[in-house]
Amino acid sequence: MDQYRVVGNPIKHSKSPQIHQQFAASTQQDIEYSAQLVAEDDFEQFVHDFFAKGGKGLNITVPFKQRAFAMAQHPSTVASMAQAANTLWCNEAGELCADNTDGVGMVRDIMLNLGGHLAGRRILVLGAGGAVRGVLALVMAQRPALLVIANRTPSKAQQLVESMHYLGRVKTCSFAELEGPFDWVINGTAASLTGDLPPLPDGLLAPQARTYDMMYGAEPTVFSRWARAQGAVVADDGLGMLVEQAAESFAIWRGVRPNTRQVLSWLRQQL
Ligand code: ATR
């Protein structure tokens with residue numbers, strides 16, 4: 001049976017095995033997909049051995065996405081822009097290929113599942129770490145009217161934009177310097193993980209503004225609660241992004257795109 005893994009550290013709570021097993025069942029693909037904990041020092045050796053033994057594909061999660069990109073002989077354009085990869089496979093010549101499906105996953109979730117539009121909108125992105133790096137190229141591809149990146153450490157936002165020079169005109173600032181109104185606020189900080197909220201000024205949201213938290217949980221995240229209190233008409237979380245990025249990886253590996261709707265509603269019930 002064709003072998004797939006999701007690799008990270010930690011990895012225990014990954015939902016990817018359940019998601020991919022459901023995709024496989026619904027598309028009649030005979031695959032085995034499981035989670036693999038890999039020690040920090042062992043990542044490159046693990047990837048090498050996995051493909052040498054005939055493994056078909058890897059999903060890569062924290063903290064290995066940048067190292068996965070660095071290993072690839074054939075990174076996709078999107079992975080090169082992000083300098084991070086979440087999907088690995090080998091071509092027929094046995095060379096390592098890499099893509100990053102996080103940005104496609106988020107934008108597909110926003111547009112197809114949630115009926116949102118980013119084109120021509122004023123967009124604020126919070127955070128300047130790996131999560132944001134993975135999605136910026138796809139957000140910019142939607143041609144927003146304005147893209148501002150605000151971060152607790154503003155110099156990191158500036159460095160991120162400078163390292164992604166293809167982005168074009170993107171403004172960066174601290175949270176305190178922020179001035180609205182924005183049509184969208186996308187939270188890519190790790191603050192929700194610890195139940196923290198970035199210190200955001202009031203009045204950032206335009207009428208009809210929507211928000212998207214890349215994190216998710218059984219209850220609305222602290223960021224989503226803030227958004228509702230500030231008047232956001234819709235405050236979505238990132239569970240759909242998780243499912244959509246997985247579907248994109250599955251399509252790369254198997255050449256068939258699974259339906260995500262049922263998996264997403266099933267996962268929501270499990271939270
Ligand atoms: P990830 O891969 O999840 O993006 P990361 O690369 O460590 O993780 O980036 C975490 C992001 O969340 C950063 O933008 C970080 O801000 P700093 O650059 O100032 O460290 C942001 N972050 C983490 N905890 C936060 C908090 N409590 N409030 C606001 N921002 C926070």
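The values are calculated or read from the model by the stated rules, or taken from the named source; none is laboratory data. As the structure is a computational prediction, the values presented were derived from the model and not from experiment. FYI the Cβ positions are ideal-geometry reconstructions off the backbone, even for glycines, and counts take in every protein chain you see.
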**OP:** Determine whether the range 1-11 contains at least one residue that is within 16 Å of the ligand (Cβ to nearest atom), of a type in the set (A, V, I, L, M), in a loop (DSSP other than H, G, I, E, B) and modelled with pLDDT of 95 or more.
**Re:** yes
**OP:** Take the residues in the range 186-196 that are modelled with pLDDT of 95 or more and part of a loop (DSSP other than H, G, I, E, B), then tell me which one is surrounded by the fewest Cβ atoms within 10 Å (Cβ to Cβ).
**Re:** T189
Original post:
Can V107 be described as of a type in the set (A, V, I, L, M, F, W, C) and assigned to a helix (DSSP H, G or I)?
Top reply: yes
Subject >> Subset of the range 82-129 (residues that are within 16 Å of the ligand (Cβ to nearest atom) and farther than 30 Å from P207 by Cα) >> reply: A82, Q83, A84, A85, N86, N100, T101
**OP:** Among the residues of the range 227-269, write down those that are free of Cβ contacts under 8 Å to residues at least 12 places away in the same chain and assigned to a helix (DSSP H, G or I).
**Re:** R228, A229, A251, S265, Q269
**OP:** Answer yes or no: is there a residue in the range 172-179 that is modelled with pLDDT under 95 and either surrounded by 14 or more Cβ atoms within 10 Å (Cβ to Cβ) or not assigned by TED's automatic domain parsing to the domain that holds R122 (or both).
**Re:** no
**OP:** Read through the list (1) within 18 Å of G188 (Cβ to Cβ); (2) at pLDDT 95 or above; (3) under 16 Å from the mean Cα position of the chain (by Cα), then give the number of the only condition that N59 fails.
**Re:** (1)
Subject >> Selection from the range 210-232 of residues that are out of contact with any helix residue (DSSP H, G or I) (no Cβ under 8 Å at 6 or more places or on another chain) and under 16 Å from V148 (Cα atoms) >> reply: R210
Subject >> Hits in the range 166-196 (condition: of a type outside the set (D, E) and more than 22 Å from I110 (Cα to Cα)) >> reply: Y166, G168, R169, K171, T172, C173, S174, F175, A176, L178, T194, G195
**OP:** Residue by residue through the range 175-190, note down the ones that are out of contact with any strand residue (DSSP E or B) (no Cβ under 8 Å at 6 or more places or on another chain) and within 16 Å of the ligand (Cβ to nearest atom).
**Re:** A176, A190
